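This report refers to the structure that appears directly beneath it.
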Amino acid sequence: MQLKQALVAAVQQLESADIRSPRLNAETLLMFMLGVNRAYIYAHPERDLTADGVARYEELIRRRSTGLPAQYITGHQEFWGLDLIVSPAVLIPRPETEHLVETVVELAREVPAPRIVDVGTGSGCIALALAHELKTAEVFGVDLSAEALEIARANAARLQLEQRVKFLCCDVLTPLSENSGVCHPERSDRRERSRRTPFAGMMFHDLDFVVSNPPYVSLNEADKVQRSVLEFEPHMAVFGGDKGLDVLNPLIHQSHTALKPGGYLAMEIGYSMRDAVLKLLSSTMWEEPKSVPDLQGIPRVVVVRKRPVPA
């Protein structure tokens, strides 16, 4: 079978399965299977695929037809120009989250050696992007999932940032012990969390920035979530309780304690959450609240500054 014939068949199968952007997906998986770029595919449509190659490609298309994201099939996703490993243990990094990185980078350039914690780090995409841009920054990535932290550490090693970005198991900003087995994605309910013991003396303090893309989708809006997200991405990284605020509430409270006066909290938010989030930010504790829109004009980031100590 020629390359162009395999591609046409793949596009038709993905269309029948109601997969978005079928041509793009078919090309992405063909490039992955052959280890080539898109230019090669366009330049060599007459290339004959081996029987083994056809079988492998058909299996990739079959998996994608189930709704499994292409990123989980290839094991990779680009974010902020960095090639990241991803797996079903982590949320797939989205282009919209780059607005959060951009916002923090702009603010952090005014700080000589900023101390930054990325809460809910997942693949490590935000923490690693910030470390990549801010060469003098001390960066931590924290997550409740041991499997996610393994992915994040692997990404740090691949990008040669493991000496500058440290990853810890935390419930929001409360460090936990991975060795005791409490850092595990299947143990994510509130009752289980309440029984966990933090490391003594390891609480974060004097931070310049707390950054987070927290789980903010309301359980009441689960029917509005894309099927691939609902069926394949980790629910702990997507859903934030009945109102989407189960993590945002403790994040705001614990960040105020961990930040130095004048430090910043920057959070990605859902498309209709700006007003609800701003109401959580007490004017006696925070100042200069600002929302940053994405390319569609939808409020995507909320950034707020901890009030300095009165003179």
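The values are calculated or read from the model by the stated rules, or taken from the named source; none is laboratory data. No experiment lies behind these values; they were computed from the predicted model shown. Using ideal geometry, Cβ is built from the backbone for each residue, glycine included, and neighbour counts are taken over all protein chains shown.
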Checklist entry - Name the residues in segment 18-49 that are of a type in the set (A, V, I, L, M) and surrounded by 15 or more Cβ atoms within 10 Å (Cβ to Cβ), would you? => result Ile19, Ala26, Leu29, Leu30, Met31, Met33, Leu34, Val36, Ile41, Leu49
Item to check | Options Ala154, Ala222; residue that is among the small types (Gly, Ala, Ser) and at pLDDT 90 or above | outcome: Ala154
Checklist entry - Going by the conditions given, is Ala146 of a type in the set (Gly, Ala, Ser), over 28 Å from Pro293 (Cα atoms), in contact with a strand residue (DSSP E or B) (Cβ under 9 Å, 6 or more places away or on another chain) and without any contact (Cβ under 8 Å) to a residue 60 or more places away in the chain? => result yes
Item to check | The lone exception for Thr197 - which of (1) more than 20 Å from Gly122 (Cβ to Cβ); (2) modelled with pLDDT of 85 or more; (3) polar (S, T, N, Q); (4) touching a strand residue (DSSP E or B) at 6+ places or on another chain (Cβ under 9 Å) it fails | outcome: (2)
Checklist entry - Can you name every residue in segment 80-120 that is outside any helix (DSSP H, G or I) and among the hydroxyl-bearing types (Ser, Thr, Tyr)? => result Ser87
Item to check | strands (runs of 3 or more DSSP E) fully within segment 220-311 counting 3 or more residues that are more than 14 Å from Gly120 (Cβ to Cβ) and of a type in the set (Asp, Glu) | outcome: none
Checklist entry - Of all residues in segment 14-40 being aliphatic (A, V, I, L, M) and touching a Lys or Arg at 6+ places or on another chain (Cβ under 7 Å), which is nearest to Ala55 (Cα to Cα)? => result Met33
Next on the checklist: Filter segment 50-85 down to the residues that are surrounded by 14 or more Cβ atoms within 10 Å (Cβ to Cβ), free of Cβ contacts under 8 Å to residues at least 24 places away in the same chain and among the polar types (S, T, N, Q) and list them by number.
Outcome noted: Gln71
Item to check | Flag if Val11 is at negative phi and out of contact with any Lys or Arg (no Cβ under 9 Å at 6 or more places or on another chain) | outcome: no
Checklist entry - Quick one: which of Pro299, Pro293, Pro261 is assigned by TED's automatic domain parsing to the domain that holds Val142 and buried (at least 18 other Cβ atoms within 10 Å of the Cβ)? => result Pro299
Checklist entry - Mind checking which pairs have a first residue in segment 289-311 that is under 12 Å from Pro261 (Cα atoms) and a second that is surrounded by fewer than 17 Cβ atoms within 10 Å (Cβ to Cβ) and of a type in the set (D, E, K, R), Cβ under 6 Å, 6 or more apart or different chains? => result Arg305/Glu287; Arg305/Glu288; Arg307/Glu287
